[in-house]
1. Assuming 0.36 nm per residue, please report the length gained on full extension of the stretch ALA284 to SER371 beyond their Cα-Cα distance.
2. State which entries of LYS40/LYS320; LYS64/LYS263; LYS40/LYS293; LYS204/LYS301; LYS64/LYS389 exceed 31 angstrom in Cα-Cα distance in the structure shown.
3. Starting at the first residue of region 226-233, write each ³J(HN,Hα) from the Karplus equation 6.51 cos²θ - 1.76 cosθ + 1.60 with θ = phi - 60°, in whole Hz, x for Gly and Pro.
4. Rounded to the nearest 0.05, what FRET efficiency is calculated for HIS248 and GLU328 with R0 set to 22 Å and r the Cβ-Cβ distance?
5. Mind telling me which of GLN270, GLN292, GLN387 comes out most flexible in a GNM of the chain, alpha-carbon contacts under 10 Å?
6. Between the alpha-carbon centers of region 263-284 and region 96-128, tell me the distance in whole angstrom.
7. Which far-off residues, 5 or more places away or on another chain, put their amide H under 5 Å from the one on ARG311, with H placed in the peptide plane?
8. Which of the listed residues, SER122, VAL87, ALA111, is farthest toward the dipole's positive end in region 1-138, when Lys, Arg count +1 and Asp, Glu count -1 at the beta-carbon?
Amino acid sequence: MVRPGLRIAVFGAGYIGLVTGACLAELGHRVVVRDIDPEKVRLLRSGDVPIYEPGLGDMIARNKERLTFTLDVQETLNGAEVVYVCVDTPPSASGDADLSRVWSVVRSLEAASHLRAVVVKSTVPVGTGARVRAALDAAGLGHVGYAANPEFTAEGRAVEDFLHPDRVVIGADDDATAALISELHTGVDGPVVVMDVRSAEMAKLASNALLATKISFINEIATLCEKTGADVEDVARAVGMDHRLGHHFLRPGIGWGGSCFPKDSEALRQLASNTGYHLQMLSAVIEVNNLQKRRAIQRLKDELGTLAGARVALLGMTFKPGTDDMREAPSTVLAGRLLAEGAEVRCWDPMARPAEAEPWTWTTRHESPRSAVEGADAAILVTDWPQLKEVDWAQAASVMRRPVFFDGRNLLDPAVMRSLGFTYISVGRP
Ligand code: UGA
């Protein structure tokens, strides 16, 4: 939809910043995206997209009249009416989110003479908005509005989620800013929910924590299914059919990872602890997630006797299929543990970016699942890439030294895998 748009400056060309910038341009706004990484900006300017996200490359290409990329702060702020802060907020050594990149953007804003609002999309601790508000006031920017507009998109479907969200949450402490940021979303197909800044900040953290809770819960039930002979897939299906519970995020597996759940759950726990309150449920949710990977290694160890000298193939390395993102991927934890036990680790993944994949330095990467499992004593299916359903497993079984298979995502059929000669272990299924 093309209509006279606002001039928007987006700080940060990571997953969130790029998707936000591209989608806002698609909605008709004029957007400048700024990043500190010269290589990233060079790639974007030459029409390449440094991350894999379905639909993003095409969207950037078709909006190139309205969407530019720069390293220069002044150029970014020139004429900007709304600043979107999409920089990363990694955990610091204390466990609190490191907001230094947010502050560096806020400090630069004095130069923005047309500025009407600052919007933080980065995930931040509750109370950050109030601190930014105070900093803006102290910098003589009292007339500039502030809004929290947390991101709920999931990687691999971020463009779709941005344009057709379940909800757009806008936290603003004044009506004019809430109206401006709502207006900015004209064309987005989803309800806009306005609330105060702190509630919007909390809504983001609470959403991710509850999603992680659902997964850890079903993973714990899966463990109990293993001990009692029940089948967690049937259990999850029956539970999820209750519309009050829903079937989403009830897929058992090797545990959740990614750039958000691990970081945000720790940040929420730390936030609570800073207020003197211990979040008991969330602590258990995190512990179950860690346990899930320890149990996978233990089950392999039980099967092989020892992992020392064993050759283990990891199938899938990214934290979920449909992305090239390796951040906090369960595969990195598994690879680390296997190597510590003296195993030789080899891996396959169709999309993981080697530069980000620490285990690449310790493991051998193979071009196909078949070649990764050749001569292996065990294979772990870590990421449920659909390609793994298409593998000729009969042939794979025949080239393994010992056909021990741990299906960490319950992707394959136990009866079929066993009929092919595999010692097949999965999560919560008999
Ligand atoms: C997550 C949330 O789903 C988004 O709503 C949120 O905006 C985003 O974090 C964020 O804070 O930016 P994402 O990290 O992209 O999105 O990935 P998810 O699809 O949520 O998956 C997270 C992890 O949970 C993956 O490792 C996945 O394999 C695992 N998972 C997911 C399960 O083990 N079982 C499930 O049923 C669902």
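1. Taking 0.36 nm per residue and subtracting the Cα distance, the gain is 27.5 nm.
2. Those over the limit are LYS64/LYS263; LYS40/LYS293; LYS204/LYS301; LYS64/LYS389.
3. For region 226-233, the Karplus curve yields 4, 7, 10, x, 7, 10, 4, 5 Hz.
4. Calculated transfer efficiency: 0.60.
5. Among GLN270, GLN292, GLN387, the largest GNM mean-square fluctuation belongs to GLN387.
6. 23
7. Long-range HN contacts for ARG311: GLU344, ASP377, ALA378.
8. Among SER122, VAL87, ALA111, the one farthest towards the positive end of the dipole of region 1-138 is ALA111.
Rule-based calculations on the coordinates, nothing more; no lab input. Keep in mind it's a predicted model, so treat the numbers as computed, not measured. Reconstructed Cβ throughout: ideal geometry from the backbone, glycine too, with neighbour counts over all protein chains shown.
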